[in-house]
1. What is the antiparallel percent of DSSP beta bridges lying wholly in the range 349-491, to the nearest 5?
2. Arrange the following residues from fewest to most other Cβ atoms within 10 Å of their Cβ: 429, 437.
3. Can you give the FRET efficiency for residue 117 and residue 278, using 1/(1 + (r/R0)^6), R0 = 51 Å, r = Cβ-Cβ distance, to the nearest 0.05?
4. Would you work out if the range 349-491 is rounded, prolate or oblate? Take a ≥ b ≥ c from the square roots of the eigenvalues of the alpha-carbon gyration tensor; rounded if a/c is under 1.5, else prolate when a/b is larger than b/c, oblate otherwise.
5. Given a cut-off of 19 Å, what percent of all Cα-Cα pairs of the range 213-323 lie beyond it?
6. To the nearest 0.05, what FRET efficiency results for residue 83 and residue 205 with a Förster distance of 25 Å applied to their C-beta separation?
7. Using 0.36 nm per residue, how much length does the chain from residue 236 to residue 480 gain when fully extended, once their Cα-Cα distance is taken away?
8. Extending each Cα 7 Å along its Cβ direction at residue 453 and residue 349, get the distance between those two points in nm, one decimal.
């Protein structure tokens, strides 16, 4: 038995505390634990104990010190809270926090208790996409997590509940799938509420900056959509936080379907009608329709803007062209698509054969019609009153290439008509010294777009040796034509 003083025991206990926690624990675990009360340890100045009792006292003191350290650490950890959004307590909010919160929401990897508290940005006891968006906003620099605390506090009366005044932006014709709407930035705003409205649905978007890209593929059921931009700023009031106050905005219309066709023209040419038109905004193809004899027909769909359409001669046609985009939608006012009317040119086979030979030119056709004068063709008398009709005279002139003034005028009139001129054969007479002489010539109205009517007289050129091409009534040296029908004037064609 060994006698150990109380002071000696205290010294031994102090020395044991210098050891590492691991060493003390290992030491304690190797011995049988004994309950030694404080009263028993410090009852007398001199205590008689065994070696085992001495080791037990050292172990007790070390365990007590360790327990105190653990309690202190737990208390410090309990008092420490993670900053909002900093779910891993790294000292900053970054993409790692975004990833951890997203994994928690998807229940792939759960956050710690403190991490969950830091992730609950709005403090509603739930962690959802609203909280995630708030953290993303801070990471992207859009707005800080504590933005509500940073807002200016204003009186309730200064809050404007909605935008009432709009500045008109230029309307837009869409060009394919994406369209960007731009407007003048409003200084100091928090963002813009944009309302896109179609015939059957409305969509609300909140861009931060003064432009918006609209995907028109989402709006192909609509012809025109309206876009309203409403700038706003957030404020706090004595009774509420984060209240929107609006200012004057902007508005425009966006045409989803292609614009209407413009510049539609129809010109009757040799055995067909030439149809042309201007490009329509956002049109990929064009549907062509025509109406004849009171019935409309679909002609086809074309990407080009110029067509030659075979047409029956001397018929009234009406053409209509409808712009179509790749979505299969046409202009919203399809019934108002442009229309154009044309009377097709007559077809004369013999006149066509001569034009093919001499060239499709009015002057060349006229020159061919200045032919030898004859009263008979193949023994058949040629009347000088126009009674057989233009085609009767022309058929004989094209066959024999000779004839009287009626034959010459008829051949030229047919070729002029096939060339697209508003030509008419006149059966009349010339006046001289109180007498008259049967005569025929051709008038062309609005010749070459001049707005004037000119005379074309092949027989005059044959007989007088002067030009009978594009002359006017009363020209010096020409015949005195009975233009007023004093004696006779008939329009044969």
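Read the figures in this text as sums done on the coordinates, not as results from a lab. What you see is a predicted model; the values in this text were computed from it and never measured. For neighbour counting, all protein chains shown are included, and Cβ atoms are generated from backbone atoms with ideal geometry for every residue, glycine included.
1. 95
2. 437, 429
3. 0.15
4. oblate
5. 63
6. Here the calculated transfer efficiency is 0.20.
7. Once the chain is fully extended between residue 236 and residue 480, it gains 78.1 nm.
8. So the label points at residue 453 and residue 349 sit 3.3 nm apart.
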